[in-house]
Amino acid sequence: MGEFEMNEDHIREQFPILREKVGNWPLVYLDNAATSQKPVSVLDTYRSYYTAINANVHRGIHTLSQEATEEMEKARGKVQRFVNAKQAHEIVFTKGTTEGINLLAYAFSSQVKKGDEIVISYLEHHSNIVPWQLLCERTGAVLKIIPIDENGILQLDFLDKYLGEKTRIVSVNHVSNALGVINPIREVIRKAREKSPAYVVVDGAQSVPHFDIDVQALDCDFFVFSGHKMYAPMGTGVVYGKEQALRGLSPFHGGGEMISTCSFEKTTYADLPFKFEAGTPNVGGNIALGAAIDFMEKIGKKNIQKHEKSLLIYAEKKLLEIENLVIYAEKAPRVGVVSFNIENAGISSDVGMILDKMGIAVRTGHHCTQPIMRFFGIAGTVRASFALYNTKEEVDILVEGLKKARKMLS
Ligand code: C6P
């Protein structure tokens, strides 16, 4: 038994929100793929930044500004180690995954031309579809989509067919948010390397909260994620880019801090990573992202993964005891996410509203992945997603709630 399992109560104590009630019901928070809750250490770090050292970074010679800068750059170093990047300047702070992928898709504009190809998959979040569609509109490039099978598994023989000299970018998520499916990302990257000159972008929004990430071992060019799904504040996120790949990109936003020299005739850009960090960053949030990394490392990703996996296995077994309940991508390798519907019991949002009345928070609807819903011929699913503080008792509460919902809606 891992150290984490023995300290389940202690872990829950560190998340004050878990003591909240919804109506008269204790909160059962199972919407972690949307955003995770924040431990005291992260909340304290955020608060103490604003109470003790709040100042703008990289700008002032005064003490507070220097302290704030030092703390934020320390956090950058933590992120570097967390994903095993070679250098701290390969870490660009953003607002989140959406901004990160938009940054890349915009910054690629000058490198992509008419007839070039960009490969994504059917399993993508809209954030990893629309920015590339916009890039295609700007440049005349063509989007290719890796299909999935009925288990939600990528059909990689299509990737083999698509890859070639024209492929400029391959951008695939590591883990699907809607289904929890873990994609064979190493294989995708290996194939892209063997068969094309493409840059590889990994949307890691749903994998960083669960797995050890080693961007050097993955050998991707870019790895993008959000802080708020991994116990850090909202409005934080990261684009990791290999130094050479980042150097080749044009800036995304223009403004303060991203220049080396600025005149009306010509502006030259700051070195990495600042070239991509125009304007005042989310200093407190970035420092608190460092605290979230400390928190996760203390518990250990292996322990987190093991715990979430055991919840997934338990939840699947219990859920399938409910009549007419269908789990999507049931046979695919998955993180602690179960996406399901109860046939003939209303639409997913009906189920979600009834669960909410019992204090149970799940996500319902299309999960910003309409192509997946279209593939399965449904409007949406009920999605329960687990984090390190969830328990089997909470799964039991969910199952009881669903049984009631089924009765009310059938
Ligand atoms: N998925 C969900 O409930 P932002 O919103 O920028 O932090 O992350 C966008 C995003 C990109 N890729 C994947 C795989 C994601 O899961 C998300 C966010 C949330 O599933 C909110 S829609």
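Calculate log10 I(q)/I(0) of the range 275-319 for q = 0.16, 0.17, 0.28 Å⁻¹, where I(q) comes from the Debye formula with a single equal point scatterer on each Cα and nothing for solvent.
-0.64, -0.67, -0.93
Among T369, Y328, F264, flag the residue with its Cα farthest along the positive direction of the charge dipole of the range 262-375, charges on Cβ as +1 for Lys/Arg and -1 for Asp/Glu.
It is Y328.
For K195, give me every one of the lysines with a C-alpha distance below 19 angstrom, ignoring sequence neighbours fewer than eight places off in its own chain.
Here the lysines satisfying the reach criterion relative to K195 are K144, K161, K166.
Roughly how many debye, to the nearest 20, is the charge dipole of the chain about its Cα centre, given +1 on each Lys and Arg Cβ, -1 on each Asp and Glu Cβ, and no other charges?
It works out to roughly 460 debye.
I need I61, I148, I185, I118 ordered by Cβ neighbour count within 10 Å, fewest first.
Ordered by Cβ neighbours within 10 Å, fewest first: I61, I185, I148, I118.
Just round it to a whole percent: the fraction of Cα-Cα distances in the range 203-308 exceeding 23 Å.
Counting pairs separated by more than 23 Å, the tail of P(r) holds 39 percent.
What whole-number value in cubic angstrom gives the convex hull volume per residue for the C-alpha atoms of the range 222-271?
98 Å³
Ranked by Cβ crowding within 10 angstrom, fewest neighbours first, how are E243, E308, E124, E150 ordered?
So the ranking, lowest neighbour count to highest, is E150, E243, E308, E124.
Treating cross-link reach as a plain straight distance, find the aspartates and glutamates whose alpha-carbon is under 19 Å from the alpha-carbon of K404, omitting any fewer than eight places away in the same chain.
E316, E321, E323, E343, D350, D356, E393, E394, D396
With runs of 4+ DSSP H residues as the only contributors, calculate the mean residue ellipticity of the chain at 222 nm using -39,500 (n - 2.57) per run, divided by the residue total and rounded to the nearest 500.
Result for the chain: -11500 deg cm²/dmol, rounded to the nearest 500.
Roughly speaking, what is the centre-to-centre gap between the range 322-363 and the range 61-132 when only Cα atoms are used, to the nearest Å?
About 33 Å separates the Cα centre of the range 322-363 from the one of the range 61-132.
When all C-alpha to C-alpha distances in the chain are sorted into bins of 20 Å, what percent of pairs does each bin hold, rounded to whole numbers?
26, 55, 18, 0
Sequence gap at least 6, Cα distance under 8 Å: using those rules, report the relative contact order of the range 1-133 to the nearest whole percent.
Once normalised by length, the contact order is 11 percent.
Quick one: which residues, 5+ away or cross-chain, put their amide H under 5 Å from the amide H of V22? H built at 1.01 Å from N.
Counting only residues 5 or more places away or on other chains, the set is L27.
Using every pair of alpha-carbon atoms in the range 273-408, split the distances into 5 Å bins beginning at 0 and state the percent of pairs per bin, rounded to integers.
2, 9, 17, 18, 16, 12, 10, 8, 5, 3, 1, 0
From the C-alpha gyration tensor of the range 11-128, pull out the three semi-axes of the equivalent ellipsoid (sqrt of 5λ each), sorted largest to smallest, in whole Å.
For the range 11-128, the ellipsoid semi-axes come out as 32, 27, 12 Å.
Sorted from fewest to most neighbouring beta carbons within 10 Å, what does the list M230, M408 look like?
M408, M230
Where the centroid of each part is defined by its Cα atoms, how far is the range 180-236 from the range 365-402 in Å?
Comparing the Cα centres of the range 180-236 and the range 365-402, I get a distance of 23 Å.
Among the lysines in the range 212-320, how many pairs, 8 or more places apart or on different chains, have alpha carbons under 22 Å apart?
14
Select from the range 225-308 those chymotrypsin sites (Phe, Trp or Tyr not before Pro) which occupy a DSSP coil region and have at most 15 other Cβ atoms within 10 Å, ordered by residue number.
Here the sparse-neighbourhood loop sites are F264.
Which of Y122, V238, A291 sits farthest toward the positive end of the charge dipole of the chain, with +1 on the Cβ of Lys and Arg and -1 on the Cβ of Asp and Glu?
Selected residue: Y122.
The numbers here are math on the coordinates, done by the rules we state, and not lab data. None of the values given here were measured: they were computed from a predicted structure. Note that we place each Cβ from the backbone using ideal geometry, even for glycine, and neighbour counts take in every protein chain shown.
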